[in-house]
Each structure stands twice: as structure tokens, then as C-alpha cells.
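The structure appears right after this line, and notes come after that.
Derivation of every value follows stated rules applied to the coordinates shown; laboratory data play no part. The shown structure was predicted, so the numbers you read here are calculated from the model rather than taken from an experiment. When we count neighbours, we look across all protein chains shown, and the Cβ atoms used for this are built from the backbone with ideal geometry, even at glycine.
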């Protein structure tokens, strides 16, 4: 079914999974209209669960270690959780915060929350207790569901002051009678198109996290992502290793849920466990950030597994250097799909498809890009100072307009207004260049651009080059204060092993290939890069750390 969306004054046809209102209770569900005035229901996680349980009851839905769920048992458990949430006072428009590592229970709580009309707030378990407390205070959940192993992160919360309850995942599930389920008339009645289905607090590279609201209308793009972007079908198996508090985990990891396929969950991103799971479960699709893919390449080189069923390795969320990508294509032997998007865009808005990955020849340049805009998103480059579009080949800021864009940040009107224009463009903060063919080349975050002697230096260009130097494991290029030039280009490197002349090799390598103002004036070494939950290097932390070492 093709449905018309008009969010920006122009019509866009988007294929989403829908059913007619006649088959459901119209009074309980929000609807949209197509160009003929026919009305359709926006389907959600809760609808997919119910539908899959009816159509494929004995198929495996989720697997994690020795635990698994068929669609029938998953739906039954989700209904039990929904009834338990209702008994604890969770109602439509409330929020359920979830603090747990990857597990099937996360999806059961997500589906149950949607069945009663509440939204799920994913809590980042990698944060400190004080940071988790700030998010809870911002989100104002009615209930916090937590893993007992993470209970220390909630120890400082005053639940009475927050007007909030908390319950462990283990207790919540033990309270459910496995033979009972909520009646049909209370199931799926909470699906309101423009209400948040998820609130994900952006990990951020600076400042405090912001609660990104993803409505059920936003999330309705997932079935199209699954089929048209990830090229999945119901017979596929997806391996989910990204954390579920992050859009790359929960949204990407829901793709096969929308199609009725099988999802395998991992608790962490150990490269050996990942490759073992790909082999054992005959995984066809998975997603990882470049830092993890680098470790997979190293592990597969040392101890090869049979991963011949793997069709597609999806990557994104952080820069992928073409040297690593070429090596990964050779070692892993599957198709690669480069994705660019944000939490605010409900995931991917541009893609570099497998057939556009060329290790050699004139088209090898595409490996440095994040591909082209997808059919459901308008993606353009604007001058971030004037707000005017820039010509092809000109540096500017990526702006996105899409039906999948967030309506804004939870309880933060000022930040919403700063990020989203009146005519619906989301300002990403990412600097890039779009060529004549529409391929987009990320340069860096606008705020991370280095200005030295009046010249602009885009760190990603320098990092891509330095990554080719033998002995360099990871690199980040930052600008540090300089009295003469304003900022000095500095390379921060994680070395593969101690090498006394590595800094000299890096300096010489760049000076032979780049204009001198782009080249590092100094190289510093670090044991480990500070990263946020999505794998992005926290350059503000590096600038703070090394600013004091710069000679006046």
C-alpha cells in the first residue's frame, strides 16, 4: 500500500505496512488518509507482534544464548507484561524507562508499553549513576524497569520525589502467569500515530543528552527500511549486537520484527562471539560500527569461521576509512551497506549500497562517501550561517526533511526550535559536500572543523589519510589553541604497538600528500579513544585533555 505523506508542502509516496481500519477498532487507533481519502492504521511494534503470532505462531522470533521465543510465546509474554504495566498504573501517554543490556525482555517491554499506549525510554547503562539520574529526571517516567545487575545506577534516585516506581526485569516477568494474557479489547489500543513510541536520549559528543522523541508515525518507516534498504525478507536472520538504548540497536534490530523474521541478540560486541553467532545461527544481516568491524577483520584473519551465509554487513554511526573498508570486503566476503543517519531521523537517510562498493577503479572514490539520499528523505547541503542551499561540491551542513524525522526533543522547546526549521528541515550539525551525482562526503561535525591561519581543515580528510600509515590503529585529528595560527592541527593516535618513529612517519606521510596547512604539527599517543555509545570519538574530551599540553 502506498501512502501519501505531506509534511513539507510536497507530496511523497512512502510504502508502509498498513491494514484498513475496518479490521480494527477505529476509536482506539490513530489513522492517516491517502490521496483518495481512504483511511489506514499506522502499525507499530505491538501490531507486528500480534500479526506475526497469528500468521507464524511457531516460528522463532528471538534468540539469545539458550533462550528463545516463538512469535506465539513472545506475544503471550508481551500481553502479560502489558497487563502488569496497567496494574502498576502505566497508562496512555506515560513513559516506561528501561535500564538493561540486550535481551529479549527489552522487546517484550517495548511491545507491552505500546499495547497500553506508553512510550519506552531507553536508559544508557554505560553512563554513571548521576548521568542516569539526570535522564530520569528529564523523562519523568511512571515506571523504571531495570536489570538487577545494574541496580547501582539507580541507587541515588528519590523515587517518591520523582513520583515514579521501579521494578526489576526479573520481578516483572516472575509476576506474569504464563497461562494468562490480557484480553483482546485492551491490546493495541494505545497506538497513536503522533505520540512517541520511543524516547532515546542522544549520546551526544558534547553537552547533556537530549530526549529524542520518535513517534509511531516515525517508526512506521521500519518495514520499508527492512525490505528496500536492508534487502531483508522473512527468511533472513539478523544479529543484533548494538545496545538497545541506541537507535542503531532498537530500530535496526526491529527490522525483521516488522517482516516476521528471526533476530539473534548478543549481550556485547566481543568479536569472537559475534563471528561464532554468525556461523551458528547462519546470520544473513548485521550492523556494527567501524571500530567493531576492524576487530572482526582481525579475528576472522586469525581464526576463520564459516560465515558464508552473511549477505550484508551494515555499518555507520562513525567514520569508516576506505582502507579498513577495502580490507573488510576482502576478509569478510559479504556485501557492505554504508548508512548515515541520526537518532533524530529514526535511523538511515542516505546509503551506499553493496553494488556501489568498489575497491579499485574510478568508482573507488564512493567508498569515502555515505552514499545518496533514500527515497523517503530529502537531504540537502546548506550554508549553516545563512540557511541557504549551497552548490554541488561546496562545503556546508547536512539538513534532512523526512516523515521519519523526530518532532523534537522531549520537554525541550528551545532545543527543538534550534534544531528544526519552521518548514521541517532538521539541522544535523554534520559538515559535508555533495557531488553532482548526489553522493555525500562527510567532512566532520561543524563544530569540529579546524581553522588554522584562516584556512578550513576537515579532520575526516586527514584522518582517512593517516589511517593508511602502518602502525596506526585509530586516529582522531583535532584543533588545539595556537597563538600564531589560531588552531594547530594535532593527530591523536592509538598505535598498534610502541614505535618510536611512528610520529615522524605520520608527519612525513601527510606532508607528501596534503597541503601543509592540513598536516599535523604534532602527534600525541593515547591508549584508548574516548567514545560515546554509538562509537563516535569524543573530540571535545581530547581537546580538553591535550589543550594544556600545548606550548604558549
Problem - Rounded, prolate or oblate (a/c below 1.5 giving rounded, otherwise prolate when a/b exceeds b/c) for the range 72-216 by Cα gyration tensor - result: prolate
Handout entry: Structure-based [θ]222 nm, the chain - -39500 (n - 2.57) summed over DSSP H runs of at least 4, per residue, nearest 500
Key = -7000 deg cm²/dmol
Exercise for the section: Arrange 56, 525 by Cβ neighbour counts within 10 Å, fewest through most, would you? Expected result: 525, 56
Handout entry: Sorted by Cβ neighbour density within 10 Å, fewest at the top, the residues 302, 538, 426
Key = 302, 538, 426
Practice task
Translational diffusion coefficient, Stokes-Einstein: compute it for the range 449-547 using the Kirkwood radius over C-alpha pairs as Rh, at 37 °C and 0.692 mPa s, and state it as an integer in µm² s⁻¹.
Solution key: 242
Practice task
For the range 65-117 and the range 405-460, write down the distance between their C-alpha centroids in whole Å.
Solution key: 36
Practice task
Give me the angle, in degrees from 0 to 90, between the Cα long axis of helix 271-280 and the longest principal axis of the Cα atoms of the chain, rounded to the nearest 10.
Solution key: 50
Practice task
Put one equal scatterer on each alpha carbon of the range 331-396, apply the Debye formula with no solvent term, and list log10 I(q)/I(0) at q = 0.16, 0.18, 0.23 1/Å to two decimals.
Solution key: -0.68, -0.81, -1.09
Completion exercise
Listed with the fewest Cβ neighbours within 10 Å leading, 104, 144, 501 appear as 501, 104, 144
Completion exercise
Computed D for the chain, Stokes-Einstein, Kirkwood radius over alpha-carbon pairs, 20 °C, 1.002 mPa s, to the nearest µm² per second, is 87
Exercise for the section: Quick one: Debye curve from the alpha-carbon atoms of the range 104-145 only, equal weights, vacuum; give me log10 I(q)/I(0) at q = 0.16, 0.17, 0.34 Å⁻¹ to two decimals. Expected result: -0.45, -0.51, -1.19
